[in-house]
Amino acid sequence: MSSQGIVTQLSTGTFVTFFPIVFLYLGYRLLAKPKEQGALDFLLSRPITRGSVFMSRYLGGVLTAFVSSALFVLSLSIATIALIGVPLPAFDALLLIVGFTADLTVFYSIMVMIASLTKSSGKYLGIAIFTYFFSLIETIIAQILLLNGINVESYLPYLDYNLPLAAVTNAISPSSGTSFYANVPLEIVGSILWIAVPTLIAYLAFTEYFKWRKLVSSSR
């Protein structure tokens, strides 16, 4: 692997490990806490719909994901110039921005879903923190196996296939011994589903769609 590839891999690992914490907090700050404290009820007492409130807060998180990804890739490009004297190729930088944004949007969508389904901020934090650490278990197990002399590096890309960023980093620095990422359409569909399904569940829960359906059915 080239020096540039090593820098990219290390930076990617740092980004996907620590940046999701920001979006865990966003889910708490924008949805879980206001819902528990009644701030959303006050907001909804005005001529505004639940759907518009949800979408504004959700899109705010997605915009944050894009801006933070772009700034991180910009800093990464500057770092590669300073460390190895070679700038990050423009196409690779674009791929990383797309991958980082998609990965953070996946995590934020899950956090929004948890916030919409839980009634208290305490429950949200408990489930959200567990979800965050659960996403790190794979890496921890892999490191334990490697320390015990079991070579699992060739299998890790298969475990990462459900994450949008995995295909992007593999396109920039291909993993040896596997062509699993060759199915780009499947990777795109998987990434879309990881974003769309939690977001749809969150939207239906936040807008109380199921409660509304139940009231309509009982009134007939």
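The values are calculated or read from the model by the stated rules, or taken from the named source; none is laboratory data. What you are looking at is a predicted structure, and each value in this text was computed from that prediction instead of being measured. When we count neighbours, we look across all protein chains shown, and the Cβ atoms used for this are built from the backbone with ideal geometry, even at glycine.
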Could you give every pair whose Cβ atoms fall below 6 Å, whose first residue belongs to segment 49-61 and is more than 13 Å from residue 202 (Cα to Cα), and whose second residue is among the aliphatic types (A, V, I, L, M) and assigned to a helix (DSSP H, G or I), counting only separations of at least 6 or pairs across chains?
61/26
For residues that are assigned to a helix (DSSP H, G or I) and without any contact (Cβ under 8 Å) to a residue 12 or more places away in the chain, scanning just segment 75-98, find the one that is nearest to the chain's Cα centre (by Cα).
94
Number of the exception - residue 155 against (1) buried (at least 18 other Cβ atoms within 10 Å of the Cβ); (2) modelled with pLDDT under 70; (3) over 30 Å from residue 34 (Cβ atoms)
(1)
Filter segment 118-139 for residues that are touching a Phe, Trp or Tyr at 6+ places or on another chain (Cβ under 9 Å) and in a helix (DSSP H, G or I); the one that is modelled with the lowest pLDDT is 135
For segment 10-19, does any single residue satisfy the condition of being modelled with pLDDT of 80 or more and closer than 30 Å to residue 78 by Cβ?
yes
Taking residue 68 as the residue in question, decide whether it is assigned to a helix (DSSP H, G or I) and either closer than 16 Å to residue 202 by Cβ or at pLDDT 80 or above (or both).
yes
